[in-house]
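Undergrad: Take this structure first; my questions come after.
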Amino acid sequence: MHKKQPIDVACLVSHPIQYQVPLFQNLSDQSDINLHVYFCDDHGVNDSFDKQFNREISWDIPLLKGYESTFLSNISPKPNQSSVAGMVNPSIAWHIVRQNTDVLWVHGWEGITHWLSFAVARFSKTPIIIRGDSTLASTQRLPQMLKKTRELVLRTLFSNINAFAVTGTPNREFYNSFGISENLLFDAPLTVDNSWFQKRHPDRVLQAETREKIGIPPSDIVILQVGKLINRKRADLLIRLVKKIDKQNVSLLLVGDGPQKENYERLASELGVSDSVYFTGFVEQSELPKMYGISDIFVLASNYEPWGLVINEAMNFSLPIVASDTVGASQDLIKENGAVFKSGSVRSLQNQIEPFVSDDKLRLSAGIESKKLINDWSIDSTARGIIAAAKYCLN
């Protein structure tokens, strides 16, 4: 039995992501492990063009504070954190072997560097934890031949993994489909920093000022969606919903930017609902609480979403949640606090959301349930799962 304390954990991720920072900071405060994060790319730290946001972005919150990290040299001729060959970081091998890593924790398995790290860990007998958000739905979307090939490759990979950090029910079902033993599955749910969002809930004065700045009438019921304006997020369903819904004082607030923005603006104009649909463009992380704070109902209409952390965020503001049945988070985070509609169906969306629009008491009670539920879905619970997985690897 390994008795060393703390455990030296090397975490390999593609690039700094705002959602992961609170988890890294939490783990770095724990006495059980020494965490060091290795990044394959610096996307998001400096200004860089994001195709899906359709603009240059750099986050206005510190992405590298509160934990130890290293940017690995990327020798890919076309660096890209989203492509298989866009992250080629051979120096990860040196860090795994020479830094006396006890456990390697890898996010995903899609890039060349991921597979290099698996091979080096196997060679050096370093236990591996995998954490990702793959679901059965993501597999079903693939062509049959690619699906079979992927399954064969992943079965080989998974047979060499020591522990799996499970991000939610859809992710657990994915691993179950490969026959992974339950004692190798550790709950490490996809979470956000609840306290950060709750502390930034705008007061009534700031809510009124924010609505006025955007142009939303004070008495309107605001339906909110936060996300990139891309096809799979299906903001078009919400614009069509505004046309169909039988209530005058309803506004739709679309927070985000992307290549479909002009098309959605045109659709709102064609349907005659431009006066009720508000586009904010890209909103910095520090400003998001204002958007949640002025809203009454949160919707995520995506036709595919492995999870959807914006749902976690919205629940911190006591909002009812309505999501499509192809949004992963709907299985764990929508209970008495909202409703699930059939993906792609405006009629189903309308049927599920109208009770929350028309009934103030239902909207309030559902919002209270959201807050209760999300308080148990915390960064602390994710950290506990990672630590438990690391200890299991060495025992």
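Undergrad: Give the aspartates and glutamates whose C-alpha is closer than 20 Å to that of Lys247, dropping any in the same chain fewer than 8 places away, or say none.
TA: Here the aspartates and glutamates satisfying the reach criterion relative to Lys247 are Asp220, Asp236, Glu270, Asp275, Asp296, Glu354, Asp359, Asp360.
Undergrad: GNM, the chain, Cα, under 10 Å: largest mean-square fluctuation among Arg98, Arg240, Arg122?
TA: Arg98
Undergrad: May I ask you to order 161-171, 109-119, 138-148 by the average number of other C-beta atoms within 10 Å around their residues, highest value first?
TA: 161-171, 109-119, 138-148
Undergrad: Hey, what number do you get for the chain at 222 nm if only DSSP H runs of n ≥ 4 count, each worth -39500 (n - 2.57), divided across all residues, to the nearest 500? Numbers along the way, then the final one.
TA: Working: 16 runs with 154 residues, N = 395.
Result for the chain, helices only: -11500 deg cm²/dmol.
Undergrad: Based on the mean of other beta carbon atoms within 10 Å per residue, what is the order of 385-395, 180-190, most packed first? Each step should come with its number before you reach the end.
TA: On the way: 385-395: 19.4, 180-190: 16.9.
Result, highest mean Cβ count within 10 Å first: 385-395, 180-190.
Undergrad: Give me the dipole magnitude in Debye, nearest 20, for the range 194-375 about the Cα centre, with unit charges on the beta carbon: positive for Lys and Arg, negative for Asp and Glu. Don't skip to the answer; put the middle values down first.
TA: Working: 23 positive and 23 negative charges, 44 e Å.
So the dipole magnitude of the range 194-375 works out to roughly 220 debye.
Undergrad: Which whole-Hz couplings ³J(HN,Hα) result when phi for each residue of the range 131-147 is put into the Karplus expression 6.51 cos²θ - 1.76 cosθ + 1.60, θ = phi - 60°, listed in order with x for Gly and Pro?
TA: 9, x, 10, 4, 9, 4, 4, 5, 6, 5, 7, 7, x, 4, 5, 5, 4
Undergrad: Averaging the inverse of every distinct alpha carbon separation and then flipping it gives the Kirkwood radius. What is it for the range 194-375, in angstrom units? Provide the component values of the computation, followed by the final result.
TA: Details: mean 1/r = 0.0625 Å⁻¹.
16.0 Å is the Kirkwood radius here.
Undergrad: Could I ask something else about it? Can you pick out the pairs among Lys290/Lys371; Lys335/Lys361; Lys78/Lys233; Lys125/Lys391; Lys290/Lys372 whose Cα atoms lie more than 23 Å from each other? Let's see the in-between values first.
TA: Values: Lys290/Lys371 17 Å; Lys335/Lys361 17 Å; Lys78/Lys233 27 Å; Lys125/Lys391 16 Å; Lys290/Lys372 21 Å.
Exceeds cut-off: Lys78/Lys233.
Undergrad: Put +1 on the Cβ of every Lys and Arg and -1 on every Asp and Glu Cβ in the chain; which of Gly328, Gln140, Val255 then has its Cα farthest towards the positive end of the dipole?
TA: Going by the charge dipole, the pick is Gln140.
Undergrad: Here is a further query. Using the Cα centre of the chain as the reference point, and only Cβ charges (+1 on K/R, -1 on D/E), how large is the resulting charge dipole? Debye, rounded to the nearest 20.
TA: Dipole about the Cα centre, nearest 20: 1000 debye.
Undergrad: Once you place label points 7 Å from the Cα toward the Cβ at Val97 and Asn160, how far apart are they in nm?
TA: Those two pseudo-labels are separated by 1.5 nm.
Undergrad: When averaged across all projection directions, what area in nm² does the alpha-carbon convex hull of the chain cover?
TA: Numbers: hull surface 77.8 nm².
For the Cα atoms of the chain, the hull's average projected area reads 19.5 nm².
Undergrad: Along the charge dipole of the range 194-375, Cβ charges K/R +1 and D/E -1, which of Gly293, Trp307, Val222 sits furthest on the positive end?
TA: Value computed over the given set: Trp307.
Undergrad: Can you list the GluC sites (Glu not before Pro) in the range 308-394 that are in a DSSP coil and have 13 or fewer other beta carbons within 10 angstrom?
TA: Values: sites: Glu313, Glu336, Glu369; in loops: Glu336.
Qualifying residues, ordered by number: Glu336.
Undergrad: To the nearest Å, what is the center-to-center distance of the range 10-34 and the range 162-187, using C-alpha atoms only?
TA: 21
Undergrad: Can you compute the modelled spin-label distance between Ser219 and Arg232, with each label point 7 Å from Cα toward Cβ, in nm?
TA: 4.2
Undergrad: Same structure, new question: Given contacts defined as C-alpha pairs under 8 Å and at least six residues apart, what's the relative contact order of the chain, whole-number percent? Let's see the in-between values first.
TA: Working: 765 pairs, mean separation 64.7, N = 395.
It rounds to 16 percent for the chain.
Undergrad: Separation between the Lys247 and Asp380 pseudo-spin-labels, each 7 Å from Cα along Cα→Cβ, expressed in nm?
TA: Here the modelled spin labels are 3.5 nm apart.
Every number in this text was worked out from the coordinates using simple rules, so none of it is lab data. None of the values given here were measured: they were computed from a predicted structure. Heads up, the Cβs are rebuilt from the backbone with ideal geometry, glycines too, and the neighbour counts pull from every protein chain shown.
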